[in-house]
Amino acid sequence: MVTELCGIPLRHPVINGSGCFDAIAARRAFGDQLVSEFPFSAYVSKTITPEPRAGNPPPRLWETPSGLINSIGLPNKGLQGFLAEDLPELAELPVPLIVSVMGTSHDQFADLVGEVAGREEVSALELNVSCPNVESGLIVGESPEEARSLLERLRLLTEKPLIVKLTPNVSDPASVAAAAEQGGADAVSLINTLRSTAIDPASGELWLGGETGGLSGPAVRAVALGQVRAAAAVVSIPVVAMGGIASGRDAADMISAGARVVAVGTESFRDPAAGSRIAAEFETLVTA
Ligand SMILES: Cc1cc2nc3c(=O)[nH]c(=O)nc-3n(C[C@H](O)[C@H](O)[C@H](O)COP(=O)(O)O)c2cc1C
């Protein structure tokens, strides 16, 4: 069960999806038992941005058959708030820390990476590239050229592993994965949520305060499996697979499709111990 990601030793191959497990709130709810029985083998922070963000207006969630649409809008304390308030608490977790960052320009990404990578508590960074680059108007994760040029810039700033989180909202995510590798990425993670929306049955109006959102959960698992397989076929760097993983069988399928490590997102809202359960189920399957 022991594995590694970009040279970071992991006691099992199950980590969390960014934004889907608030370790600080969970520790408040479950006490130090959360630390001694931490469900994931590494912890990925929710995405932080240069400045604080309030996120989208409510309502922010909508359930679909087998899925969840969220329109959270990346609320966070901003870089300085994160470094001052959250990083010391997250550094107490018994697992390596991966910090997710998102900027809207190369300069913003460079500032985030420079500051975060310089902290010894941080083992790796995940780059959330689902946002437009204000300089080009293009969403970095939707354009191979954007992804490569961003990575070429960031690669010069740190030797710490850079993991690029890919969006599924493109016709060919594998080409973005390949471009990220060419730019110097150490790993790719996929999938982020699928663009979607919901209608309020009472009013016929859009339900979500942010109007559109991202679909996750079992509803997206087969899409994720297909995209993970396509990405893994064209890169030699490790692939972190996520999208609807809810059991050891789902994790095993992603590993069969070429993933090194899997991440659990939406399932942790239903079962906060999902990470350990899925790791145990996976171990039983592979050792049977
Ligand atoms: C409520 C919620 C918040 C999320 N926040 C983030 C985030 O801050 N950064 C990010 O890269 N992905 C975020 N995601 C996407 C997940 O990390 C994951 O890529 C996606 O949900 C697919 O996995 P799942 O089906 O297991 O949830 C979020 C997903 C949900 C449901």
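Among the numbered criteria (1) touching a Gly at 6+ places or on another chain (Cβ under 9 Å); (2) within 17 Å of A279 (Cβ to Cβ); (3) part of a strand (DSSP E or B), which single criterion is violated by E4?
E4 satisfies all of (1) touching a Gly at 6+ places or on another chain (Cβ under 9 Å); (2) within 17 Å of A279 (Cβ to Cβ); (3) part of a strand (DSSP E or B) except (1).
Within the set of pairs 6+ apart or on separate chains, which have a first residue in segment 78-93 that is at positive phi, a second that is modelled with pLDDT of 95 or more, and C-beta atoms under 6 Å apart?
Hits for this filter: G78/E51; G78/P52.
Could you tell me which of the residues S268, S175, S256, S276 is modelled with pLDDT of 95 or more, within 12 Å of the ligand (Cβ to nearest atom) and hydroxyl-bearing (S, T, Y)?
The conditions single out S268.
Return the pair list, or none, for Cβ contacts closer than 6 Å from residues in segment 262-288 that are surrounded by 15 or more Cβ atoms within 10 Å (Cβ to Cβ) to residues that are acidic (D, E), at least 6 apart or on different chains.
From segment 262-288, the pairs are A274/E267.
Check whether at least one residue in segment 24-45 is within 16 Å of the ligand (Cβ to nearest atom), of a type outside the set (S, T, N, Q), open to solvent by 60 Å² or more (accessible area, probe 1.4 Å) and more than 30 Å from T287 (Cβ to Cβ), and report yes or no.
no
Check segment 67-78 and report whether any residue there is under 23 Å from D271 (Cβ atoms), more than 11 Å from the ligand (Cβ to nearest atom) and touching a Ser or Thr at 6+ places or on another chain (Cβ under 9 Å).
No, because not a single residue in segment 67-78 is under 23 Å from D271 (Cβ atoms), more than 11 Å from the ligand (Cβ to nearest atom) and touching a Ser or Thr at 6+ places or on another chain (Cβ under 9 Å).
Of all residues in segment 110-142, which are more than 15 Å from S189 (Cα to Cα), at pLDDT 95 or above and among the polar types (S, T, N, Q)?
Selection gives S123 alone.
So that you can scan it fast, the table gives a plain yes or no per residue for (1) in a loop (DSSP other than H, G, I, E, B); (2) open to solvent by 60 Å² or more (accessible area, probe 1.4 Å); (3) closer than 28 Å to P218 by Cα:
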| residue | (1), (2), (3) |
| --- | --- |
| P57 | yes, yes, yes |
| I69 | no, no, yes |
| L79 | no, no, no |
| F82 | no, no, no |
| L87 | no, no, no |
| T104 | yes, no, no |
| V113 | no, no, no |
| R119 | yes, yes, no |
| S123 | no, no, no |
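Test of understanding: among G214, G204, G244, which residue is on the phi > 0 side of the Ramachandran plot and either surrounded by 24 or more Cβ atoms within 10 Å (Cβ to Cβ) or within 15 Å of the ligand (Cβ to nearest atom) (or both)?
Of the residues listed, the single one that is on the phi > 0 side of the Ramachandran plot and either surrounded by 24 or more Cβ atoms within 10 Å (Cβ to Cβ) or within 15 Å of the ligand (Cβ to nearest atom) (or both) is G244.
The values are calculated or read from the model by the stated rules, or taken from the named source; none is laboratory data. The structure displayed is predicted, hence computed values, not measured ones. Virtual Cβ from ideal backbone geometry, glycine too; neighbours counted across all protein chains shown. Remember, those area values only see protein heavy atoms, side chains included, never the ligands or the DNA or RNA. Shrake-Rupley method; radii C 1.70, N 1.55, O 1.52, S 1.80 Å.
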